[in-house]
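J.: Got a structure here, written out as structure tokens. Questions coming.
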Amino acid sequence: MATILNSLLPPSRPTLPTHFSTPFPSSASASASTSCLCTRRNQSITAFSIPRRSGMALILSTCIFSEVGLHYQIASAEPSSVGFREYIDTFDGYSLKYPQNWIQVRGAGADIFFRDPFVLDENLSVEMSSPSSSRYKTVEDLGPPEEAGKKVLKQYLTEFMSTRLGVRRESNVLSTSSRVADDGKLYYQVEVNIKSYANTNELAVMPQDRVPRLEWNRRYLSVLGVENNRLYELRLQTPESVFVEEENDLRQVMDSFRVNKVAG
């Protein structure tokens with residue numbers, strides 16, 4: 001059974017303190033202070049009097065800086081990342097958080113599949129080994145993170161094999177690492193880049209007419225964990241062109257991935 005939970009909303013801003021006006025002077029002292037107030041007011045006007053042209057420049061500069069400051073405050077108040085929902089699969093034994101504007105796609109071949117509705121090449125999925133044919137005890141059964149990274153890349157290239165003429169793939173492992181999450185389990189993280197090239201006219205007779213062009217350039221991020229004698233893999237895919245913009249959210253998804261013990 002899978003459950004989707006909304007993440008907690010950020011706390012609302014604190015209420016600004018109420019400003020109280022200064023009380024009016026008593027009637028007994030009002031008349032005594034009137035002349036002093038008038039004198040000080042005239043002195044203040046004289047002391048701060050400026051030419052008309054300088055005054056207009058001062059007003060305009062104050063408005064400009066106030067508008068810039070307002071835009072800066074609005075930009076600072078905007079959240080640095082999108083909200084998230086939590087997906088919990090109690091039957092298969094894993095959980096994760098995903099961007100709340102992503103949609104679930106059924107029949108994609110993975111156990112779960114979410115996709116950005118605007119950037120269609122950006123998605124996440126979860127794959128698991130068969131419970132009857134795998135006997136994993138720990139993610140270290142894959143070897144060190146570097147060895148696991150090679151296996152992950154090999155698996156991706158196998159899945160992307162094509163029978164089209166003139167198709168060429170360039171790939172490399174960008175990074176591998178391991179971490180112990182707050183559940184006490186060890187997880188591997190692997191990042192790879194894969195580029196796909198294809199000829200503009202694969203059936204052309206002359207080589208100069210078969211010009212290779214870049215089809216796509218993607219970043220793949222995987223998180224590997226072991227529980228219930230099974231290997232779990234969270235997969236994230238994103239175009240390299242938007243990776244820098246989406247990196248913070250994608251890494252939050254990676255950090256949220258957990259494998260859980262299944263009862264019974």
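J.: Among all the aspartates and glutamates, which ones have a C-alpha under 14 Å from Lys151's C-alpha, if same-chain residues fewer than 8 places away are not counted?
T.: The qualifying aspartates and glutamates are Glu140, Asp141, Glu159, Glu191, Glu233.
J.: Do any trypsin sites (Lys or Arg not before Pro) in the range 229-264 lie in a DSSP loop with no more than 16 other beta carbon atoms within 10 Å, and if so, which?
T.: Details: sites: Arg230, Arg235, Arg251, Arg258, Lys261; in loops: Lys261.
Listed in order of number, the matching sites are Lys261.
J.: Further question on the same structure: How far apart, in nm, are two points set 7 Å out from the Cα along the Cα-to-Cβ line at Glu86 and at Arg251?
T.: Result for the modelled spin labels: 2.3 nm.
J.: I would also like to ask the following. Express the accessible area of the range 138-199 per residue in Å², computed with a 1.4 Å probe while the remaining protein chains stay in the model.
T.: On the way: 3370 Å² over 62 residues.
Normalised by residue count, the accessible surface of the range 138-199 is 54 Å².
J.: Just tell me which lysines come within less than 18 Å, Cα to Cα, of Lys150; anything on the same chain fewer than 8 places away is out.
T.: The qualifying lysines are Lys195.
J.: Based on the Cβ-Cβ distance from Glu240 to Val262, what FRET efficiency comes out when R0 is 30 Å, to the nearest 0.05? Present the calculation step by step, with values, prior to reporting the outcome.
T.: Values: r = 37 Å, r/R0 = 1.22.
Calculated value: 0.25.
J.: Could you tally the net charge around Ile103, taking each other residue with its Cβ under 13 Å from the Cβ of Ile103, Lys/Arg +1 and Asp/Glu -1?
T.: Taking every Cβ under 13 Å from that of Ile103, the sum is +1.
J.: Can you classify the range 112-251 as rounded, prolate or oblate using the Cα gyration tensor, where a ≥ b ≥ c are the square roots of its eigenvalues, rounded means a/c under 1.5, and otherwise it's prolate if a/b beats b/c and oblate if not? If you can, show how the numbers build up before the last one.
T.: Numbers: a/c = 2.42, a/b = 1.84, b/c = 1.32.
In terms of gyration-tensor shape, prolate.
J.: Computed on alpha carbon atoms, what radius of gyration and Dmax characterise the range 101-160, expressed in Å?
T.: For the range 101-160, the Cα-based Rg and Dmax read 14.5, 39 Å.
J.: Oh, and also: List the relative contact order of the range 150-245 as a percent without decimals, with contacts defined as Cα pairs under 8 Å and 6+ residues apart. Don't skip to the end; give the middle numbers.
T.: On the way: 163 pairs, mean separation 20.7, N = 96.
That works out to 22 percent.
J.: Still on this structure, I have one more. Lysines near Lys261 by alpha-carbon distance under 23 Å, same-chain residues fewer than 8 away left out - which ones?
T.: Excluding near neighbours in sequence, the set is Lys97, Lys137, Lys185.
The values are calculated or read from the model by the stated rules, or taken from the named source; none is laboratory data. None of the values given here were measured: they were computed from a predicted structure. Positions of Cβ are backbone-derived with ideal geometry, glycine not excepted, and every protein chain shown enters the neighbour counts. Ligands, DNA and RNA are stripped out before the accessible areas are found, and what is left, the full protein with its side chains, is counted by its heavy atoms. Shrake-Rupley method; radii C 1.70, N 1.55, O 1.52, S 1.80 Å.
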